[in-house]
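Accompanying notes for the structure given below.
The values are calculated or read from the model by the stated rules, or taken from the named source; none is laboratory data. On a predicted model such as this, the values are computed, not experimentally measured, just so you know. Note: ideal-geometry Cβ built from the backbone for every residue, glycine included; neighbour counts use all protein chains shown. Just so you know, the surface numbers come from the protein's heavy atoms only, side chains and all, with ligands and any DNA or RNA stripped out. Shrake-Rupley method; radii C 1.70, N 1.55, O 1.52, S 1.80 Å.
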Amino acid sequence: MSKSLFNDFQPMSSKAWKQKIQVDLKGADYNDVLIWKTNEGINVKPFYHADDFKTLPEISKSKATDWKICQAITVTDAKTANSKALDAINRGAESLIFNIESEIISIKDLFQDIDLTKTNVDIKCNFLSKDYVENILDVTLSAVEESRVNIHTDIIGHLVKTGNWHKNLNDDHSKFKTIVTSTNQISINLGLYQNAGSTIVQQLAYGLAHANEYLNHLDKAIPSEAKQSLQVTFNLSVGSNYFFEIAKIRALRQLWTTLASEYDVNTDCRIIATPSKRNTTIYDYNINMLRTTTECMSAILGGANVICNIPYDALFHKSNEFGERISRNQLLVLKNESYFDKVNNPTDGSYYIESLTEQLAEKALILFKDIEANGGFLSQLKEGTIQRKIKENATKEQADFDAKKLVLLGTNRHPNSEDKMKTDLEISPFLKIEKRKTLIEPIIEKRLSEKLETKRLSKE
């Protein structure tokens, strides 16, 4: 078209827009009626404008066209897991996560017939072993010239989750250093903080402080040339606050770039996103599919590299082909029918998301600096400060859920009284805390609906 459609419309400043809104409110208070106050300390306005920025944000580096559909597989038997993996690949999976439970698992059997030139594989071990990692490298590097296997070694993540090191601080760090030197890969798990009830600002700050502990420890151990190719992977969980979760992933990349630059390491990071478990329910469980779909959408638009969905029935059913196929198909629909892989930076230019990204990054950086000024992440874990802060927000969220201010449809709002679950529970969906001696208080994942569901089950 040779003539612009908008030449006759004069641009309006943000001040003019606000004045018009105040007139239309007819005396009602703008701040009370239209400003939404969040747990992150961010006040959400009814509109956003270019005037909100001193300089317009730069184009982001996200590559949403490259996101991969991932299938997670718990490995208790190598051949069974291999069969599941090959089936998942044939049905559309582009990436795999193997959660390995034991050192007796044969890597050769596990990778049988998996084409590593086409499929990325992430390996997460429930143990810490230099020899096992060397075995993984021997098997996978012999298959291709350049390994597409990422080995996740997160000793602090293990400490946070269990309350203990694998063995002890010195032994864990020694093995960690050897493994990172061999693989040139680091992994940080932010998902635990989200599922335990932390705010988005806390998730970002704790993830950054978590990563900083590793970089500080390894600064002199990694050669300069290796630093530039260091592969850092963040595992995170995506909640239901759609636009905030998009901004969270964008902010994480910005924060990592800032931190990595200080250590002269690779400023690019890899992000694996998984839907939150905190808002999943056993009653009206099909709604879990709607929750995870929108959470996966946030992850894609935010620029996550790998999306690993969770089955709608994972809370109360054992691993099964139907649930896993549905979860994978949700991603296939988003990619192949909803075209969520056609634009690299789909959220660029949205003043709302740009503003959220900026505010989340700034607030997280302030909290990160406070953590470092008070001894660092490990020190604050030992003191219990991190755990206390997460509990404070989790308690507030739980109170909002109990008061129905925070709604989970079909559970605390519009429940189906005919819905019975007692006989359908193959596994327990409820938190079980084992009493054991720990070095620190572990950070525990907990779903919002557990107390309400327990009451309903007791009446069935």
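Quick one: which of 104, 97, 123 is modelled with pLDDT of 95 or more and either of a type outside the set (Val, Ile, Thr) or over 22 Å from residue 165 (Cα atoms) (or both)? Working first, answer last.
Working: 104 fails: either of a type outside the set (Val, Ile, Thr) or over 22 Å from residue 165 (Cα atoms) (or both); 123 fails: either of a type outside the set (Val, Ile, Thr) or over 22 Å from residue 165 (Cα atoms) (or both).
Result: 97 is the single residue among 104, 97, 123 that is modelled with pLDDT of 95 or more and either of a type outside the set (Val, Ile, Thr) or over 22 Å from residue 165 (Cα atoms) (or both).
Take the residues in region 167-212 that are within 16 Å of residue 151 (Cα to Cα) and among the basic types (Lys, Arg); name whichever of them is least open to solvent (accessible area, probe 1.4 Å).
175
Can you pull out the residues in region 15-51 that are in a loop (DSSP other than H, G, I, E, B) and among the hydrophobic types (A, V, I, L, M, F, W, C)?
Within region 15-51, 25, 28, 35, 42, 47 qualify.
When you scan region 351-388, how many residues do you find that are touching a Leu at 6+ places or on another chain (Cβ under 9 Å) and not aromatic (Phe, Trp, Tyr)?
Number satisfying all stated conditions: 13.
Conditions tested, residue by residue: (1) open to solvent by 60 Å² or more (accessible area, probe 1.4 Å); (2) more than 20 Å from residue 187 (Cα to Cα).
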| position | (1), (2) |
| --- | --- |
| 67 | no, no |
| 76 | yes, yes |
| 108 | yes, yes |
| 111 | no, yes |
| 121 | no, no |
| 134 | yes, no |
| 138 | yes, yes |
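Looking at region 439-455, which of the residues that are open to solvent by 50 Å² or more (accessible area, probe 1.4 Å) and in contact (Cβ under 8 Å) with a residue 60 or more places away in the chain is farthest from residue 162 (Cα to Cα)?
446
Restricting attention to region 45-59, and to residues there that are without any contact (Cβ under 8 Å) to a residue 60 or more places away in the chain and of a type in the set (Asp, Glu), which single residue is surrounded by the most Cβ atoms within 10 Å (Cβ to Cβ)?
51
Please go through region 17-68 and give me each residue that is in contact with a Ser or Thr (Cβ under 7 Å, 6 or more places away or on another chain) and β-branched (Val, Ile, Thr), ordered by number. Full working, then the answer.
To start, the set of residues in region 17-68 that are in contact with a Ser or Thr (Cβ under 7 Å, 6 or more places away or on another chain) comprises 39-40, 44, 48-49, 51-52, 68.
Selection gives 44 alone.
Could you tell me whether residue 319 is polar (S, T, N, Q), out of contact with any Leu (no Cβ under 7 Å at 6 or more places or on another chain), open to solvent by 70 Å² or more (accessible area, probe 1.4 Å) and under 30 Å from residue 98 (Cα atoms)? Before the answer, list the steps.
Numbers: polar (S, T, N, Q): yes; out of contact with any Leu (no Cβ under 7 Å at 6 or more places or on another chain): yes; open to solvent by 70 Å² or more (accessible area, probe 1.4 Å): yes; under 30 Å from residue 98 (Cα atoms): yes.
For residue 319, the condition - polar (S, T, N, Q), out of contact with any Leu (no Cβ under 7 Å at 6 or more places or on another chain), open to solvent by 70 Å² or more (accessible area, probe 1.4 Å) and under 30 Å from residue 98 (Cα atoms) - is met.
Of 363, 382, which residue is touching a residue at least 12 places away in the same chain (Cβ under 8 Å), out of contact with any Pro (no Cβ under 8 Å at 6 or more places or on another chain), more than 30 Å from residue 58 (Cα to Cα) and in a helix (DSSP H, G or I)?
382
A quick yes/no check of all residues on (1) touching a residue at least 60 places away in the same chain (Cβ under 8 Å); (2) in contact with a Phe, Trp or Tyr (Cβ under 9 Å, 6 or more places away or on another chain):
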| site | (1), (2) |
| --- | --- |
| 231 | yes, no |
| 237 | no, yes |
| 254 | yes, no |
| 257 | no, no |
| 264 | no, no |
| 282 | yes, yes |
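Kindly check whether there is at least one residue in region 370-390 that is surrounded by fewer than 11 Cβ atoms within 10 Å (Cβ to Cβ) and not β-branched (Val, Ile, Thr).
Within region 370-390, one or more residues are surrounded by fewer than 11 Cβ atoms within 10 Å (Cβ to Cβ) and not β-branched (Val, Ile, Thr).
Could we say that residue 405 is surrounded by 15 or more Cβ atoms within 10 Å (Cβ to Cβ) and not β-branched (Val, Ile, Thr) here?
On the way: surrounded by 15 or more Cβ atoms within 10 Å (Cβ to Cβ): no; not β-branched (Val, Ile, Thr): yes.
For residue 405, the condition - surrounded by 15 or more Cβ atoms within 10 Å (Cβ to Cβ) and not β-branched (Val, Ile, Thr) - is not met.
In a loop (DSSP other than H, G, I, E, B), open to solvent by less than 50 Å² (accessible area, probe 1.4 Å) and closer than 21 Å to residue 204 by Cα: which single residue out of 274, 280, 347 fits that description?
Values: 274 fails: in a loop (DSSP other than H, G, I, E, B); 280 fails: closer than 21 Å to residue 204 by Cα.
Only one candidate passes the filter, namely 347.
What number of residues within region 387-421 satisfy the criterion of being hydrophobic (A, V, I, L, M, F, W, C) and in a loop (DSSP other than H, G, I, E, B)?
5
Restrict the check to region 151-167 and report whether at least one residue is under 22 Å from residue 97 (Cα atoms) and aromatic (Phe, Trp, Tyr).
no
Open to solvent by less than 60 Å² (accessible area, probe 1.4 Å), within 26 Å of residue 157 (Cβ to Cβ), among the hydroxyl-bearing types (Ser, Thr, Tyr) and touching a helix residue (DSSP H, G or I) at 6+ places or on another chain (Cβ under 9 Å), is that true of residue 62?
yes
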